[in-house]
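Student: Okay, handing you the structure first.
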Amino acid sequence: MENKIMYESIDDYIAKAAPEVQDLLERVRQVIHEAAPEAKEKISYQMPTFELHGNLVHFAAFKKHIGFYPAPQGIEAFHDELSIYKGAKGSVQFPLDQPLPYDLISRIVKFRAAENINKAAGKRKS
């Protein structure tokens, strides 16, 4: 059986990440906090996750990139700007050999926060 690292918190995740990406992960975390100050931190799918009326965004460190997971809606809404990066339906890979697009990350998080808040408000009305 493979020994998978289990994370207790985002602090724990960052502490166990490769030293050369710890500052990048901390900065991504800070950008998300600034964009959605009411969002709560947790670990979900063994990745740092922020939630606000449900999952908002996840991020994770890999050997050659930072994975950012703003759900398919977050990818679609910023498709043109994200098209220069590798990605999939609900994810994007920011290469470690390029500056991270913190402004874009912030705008995606704000978009997702508004989306989740509106969805929650709609559920309360019905």
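The values are calculated or read from the model by the stated rules, or taken from the named source; none is laboratory data. Worth saying up front: this structure is predicted, and the values here are computed from it rather than measured. Cβ atoms come from the backbone with ideal geometry, glycine included; neighbour counts cover every protein chain shown. Calculation scope for accessible area: heavy atoms of the full protein, side chains included, ligands and nucleic acids excluded. Shrake-Rupley method; radii C 1.70, N 1.55, O 1.52, S 1.80 Å.
Student: Apply the a/c threshold of 1.5 to the C-alpha gyration tensor of segment 1-63 and tell me whether it is rounded, prolate or oblate. Write down the numbers at each step before the final one.
Tutor: Numbers: a/c = 2.46, a/b = 1.37, b/c = 1.80.
Cα axes put segment 1-63 in the oblate bin.
Student: Taking segment 1-82, which GluC sites (Glu not before Pro) meet the DSSP loop condition and have no more than 12 other C-beta atoms within 10 Å?
Tutor: Working: sites: GLU2, GLU8, GLU20, GLU26, GLU34, GLU38, GLU41, GLU51, GLU76, GLU81; in loops: GLU2, GLU8, GLU38.
Passing sites in segment 1-82 are GLU2, GLU8, GLU38.
Student: With the Cα gyration tensor of segment 38-111 giving a ≥ b ≥ c as the square roots of its eigenvalues, does the rule (a/c under 1.5 for rounded; else a/b larger than b/c for prolate; else oblate) give rounded, prolate or oblate? If you can, show how the numbers build up before the last one.
Tutor: Numbers: a/c = 1.73, a/b = 1.25, b/c = 1.37.
Oblate.
Student: Which residues among segment 59-75 fall inside the zone where the amide N is under 15 Å from a point 7 Å beyond the Cα of GLU41, along Cα→Cβ?
Tutor: 59-61
Student: Let me ask something else about it. Which whole-angstrom value gives the distance between the alpha carbon centres of segment 15-34 and segment 63-126?
Tutor: Value for the Cα centre distance between the two parts: 17 Å.
Student: Another question, then. What spacing in nm lies between the two simple spin-label points modelled at ASP11 and GLU51, each 7 Å away from Cα in the Cβ direction?
Tutor: Spacing of the two 7 Å Cα→Cβ label points: 2.0 nm.
Student: What percent does the relative contact order of segment 1-124 come to when contacts are Cα pairs within less than 8 Å and at least six residues apart?
Tutor: Dividing the mean separation by the residue count of segment 1-124 yields 23 percent.
Student: Right, another one. Against the longest alpha carbon principal axis of the chain, how many degrees, from 0 to 90 and to the nearest 10, is the axis of helix 19-35 turned?
Tutor: 10 degrees
Student: Skip the ligands, DNA and RNA, and give the accessible area per residue of segment 1-69 with a 1.4 Å probe, whole Å².
Tutor: 59 Å²
Student: So how exposed is LYS123, as accessible area in Å² (1.4 Å probe, rounded to 10)?
Tutor: 140 Å²
Student: Follow-up question, since we're still on this one. Treating the Cα atoms of the chain as identical point scatterers in vacuum, please give the log10 of the normalised Debye intensity I(q)/I(0) at q = 0.09, 0.15, 0.19 Å⁻¹, two decimals.
Tutor: -0.25, -0.68, -1.06
Student: I would also like to ask the following. If I fit a long axis through the Cα atoms of helix 102-125 and take the longest principal axis of the Cα atoms of the chain, what angle between them do I get, 0 to 90°, rounded to 10?
Tutor: That works out to roughly 40 degrees.
Student: How much length would be gained if the chain were fully extended between ALA18 and PHE111, taking 0.36 nm per residue of separation minus their Cα-Cα distance, in nm to one decimal?
Tutor: Using 0.36 nm per residue and subtracting the Cα-Cα distance, I get 30.5 nm.
Student: Can I ask one more? How large a share of the accessible area of the chain, in percent, is made up of carbon and sulfur atoms when the probe is 1.4 Å and the other protein chains stay in place?
Tutor: Roughly 53 percent of what the probe reaches on the chain is carbon or sulfur.
Student: With r defined as the distance between the Cβ atoms of ASP97 and LYS123 and R0 fixed at 35 Å, what FRET efficiency is calculated, to the nearest 0.05?
Tutor: The formula returns an efficiency of 0.25 here.
Student: Among all the aspartates and glutamates, which ones have a C-alpha under 17 Å from LYS86's C-alpha, if same-chain residues fewer than 8 places away are not counted?
Tutor: Partners found: GLU76, ASP97.
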